[in-house]
Amino acid sequence: MIDNMNSTITLNNGIEMPRLGLGVFRVEDSAELINAVRVAIKNGYRSIDGAAIYGNEEAMGEGIKQGIKEAGISREDLFITSKVWNADLGYESTIAAYEASLKRLGVDYLDLYLIHWPVEGKYKEAWKALEYLYKEGRVKAIGVSNFQVHHLEDLLADAEIKPFINQVELHPYLSQQKVREFCRENDIQVEAWSPLMAGNGLLENETLKEIANKYNKTSAQVVLRWDLQNQVVTIPKSTNERRLVENIDVFDFNLSDNDMTKIDSLNKDLRVGPDPDNFDF
């Protein structure tokens with residue numbers, strides 16, 4: 001049973017990654033984000049996921065700095081992720097983007113650096129840059145985000161190093177079964193962004209509410225537990241301390257096989273974010 005908030009999953013290069021972290025997408029207010037990251041670390045979060053395009057890496061970095069101090073831990077105790085944006089997908093430009101993210105975050109290295117979106121004709125050069133950064137010891141792990149099976153097949157055909165992570169939109173209404181199966185077969189860890197569907201009605205689902213009631217938990221906690229038991233790393237977003245604490249309080253119960261199957265059956269292939277096969281940014 002996954003029963004510890006410090007529970008990690010081992011990536012295919014031996015690096016330990018926390019199973020649950022904090023996402024900072026769409027948190028634009030600097031003071032709010034600094035406080036959220038600081039409070040999250042204080043309450044036991046050890047993984048913080050950001051991206052250059054979010055425009056908030058400075059605030060994320062300041063929150064990390066304050067959180068480290070308040071929790072009495074070191075930088076090495078944290079797992080920090082960022083992503084290279086589409087406009088920077090080229091060999092030299094990806095390396096420059098990595099350096100720029102480090103500077104904004106105020107750190108010497110990242111634990112994980114991802115290609116944010118599979119821009120056709122551009123992600124292979126960017127991947128070579130990530131391989132270079134990894135081989136040089138500048139980053140602990142490299143991966144991709146929003147890659148469908150065909151994108152992964154295309155990347156793997158020429159890659160020297162296969163991605164350690166594929167971070168995708170994943171929740172009970174978009175269970176990503178094909179992507180998960182492909183990643184499992186190829187030893188690529190799946191990570192869920194928008195695991196609670198960004199508040200778009202998922203948590204009001206009657207099946208989830210019934211299951212939550214049975215375990216004396218919230219629907220959000222049930223969904224996050226479903227991720228964990230599916231061996232999916234999950235990064236819910238919140239800036240509210242009560243919800244931050246609630247979201248990490250998912251290690252003291254176990255969903256039955258029957259309840260896992262009920263949640264699996266909710267899939268509608270419904271996205272709240274862009275379609276990786278049809279985006280224009």
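Values quoted throughout were computed directly from the atomic coordinates according to the rules given, and no laboratory measurement underlies them. Note that the coordinates shown come from a computational prediction; the quantities given were computed from them, not determined experimentally. Heads up, the Cβs are rebuilt from the backbone with ideal geometry, glycines too, and the neighbour counts pull from every protein chain shown.
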Please compute the net charge surrounding Ile211, taking Lys and Arg as +1 and Asp and Glu as -1 over other residues with Cβ under 9 Å from its Cβ. +2
Determine ³J(HN,Hα), in whole Hz, for all residues of segment 38-55 in sequence, where each value follows from phi through the Karplus function 6.51 cos²θ - 1.76 cosθ + 1.60 and θ = phi - 60°; x replaces Gly and Pro. 4, 5, 4, 5, 4, 8, x, 5, 10, 10, 10, 10, x, 6, 4, 5, 5, x
Given Val233, Ile248, Val84, which one lies farthest toward the positive end of the charge dipole of the chain, if we put +1 on the Cβ of every Lys and Arg and -1 on the Cβ of every Asp and Glu? Ile248
From the phi of every residue in segment 134-143, what ³J(HN,Hα) in whole Hz does the Karplus formula 6.51 cos²θ - 1.76 cosθ + 1.60 yield, where θ is phi - 60° and glycine or proline is x? 5, 5, 7, x, 7, 9, 7, 7, 10, x
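Can you compute the FRET efficiency between Val149 and Glu241 using 1/(1 + (r/R0)^6), with r the Cβ-Cβ distance and R0 = 35 Å? Round to the nearest 0.05.
It comes out at approximately 0.35.
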HN-Hα couplings for segment 2-18 via Karplus (6.51, -1.76, 1.60; θ = phi - 60°), in whole Hz with x for Gly/Pro, come out as 7, 10, 9, 5, 8, 4, 10, 10, 9, 6, 6, 10, x, 6, 8, 10, x
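Grab the alpha carbons of segment 1-129, take their convex hull, and tell me the volume per residue in Å³. It would help to have the intermediate numbers written out before the result.
Working: hull volume 14.9 nm³, N = 129.
Convex hull volume per residue, Cα atoms: 115 Å³.
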For segment 142-185 versus segment 1-55, the gap between their alpha-carbon centres in whole angstrom: 20
Given N residues in segment 206-281, what is Rg(Cα) / (2.2 N^0.38 Å)? 1.24
Overall Cα dimensions of the chain, principal axis frame, Å, largest first: 53, 43, 34
Only Lys, Arg, Asp and Glu count, each charged at its Cβ (+1, +1, -1, -1), so figure out the dipole size of segment 21-154 about its Cα centre, rounded to 20 debye. 300
Only sites in a loop by DSSP and with at most 16 other Cβ atoms within 10 Å count here; which trypsin sites (Lys or Arg not before Pro) in segment 211-281 make the cut? Lys268, Arg271
Tally the DSSP beta bridges in the chain and give the antiparallel ones as a percent, rounded to 5. 15
Nearest-0.05 FRET efficiency for Asn258 and Ala96 at R0 = 45 Å, using Cβ-Cβ distance, is 0.30
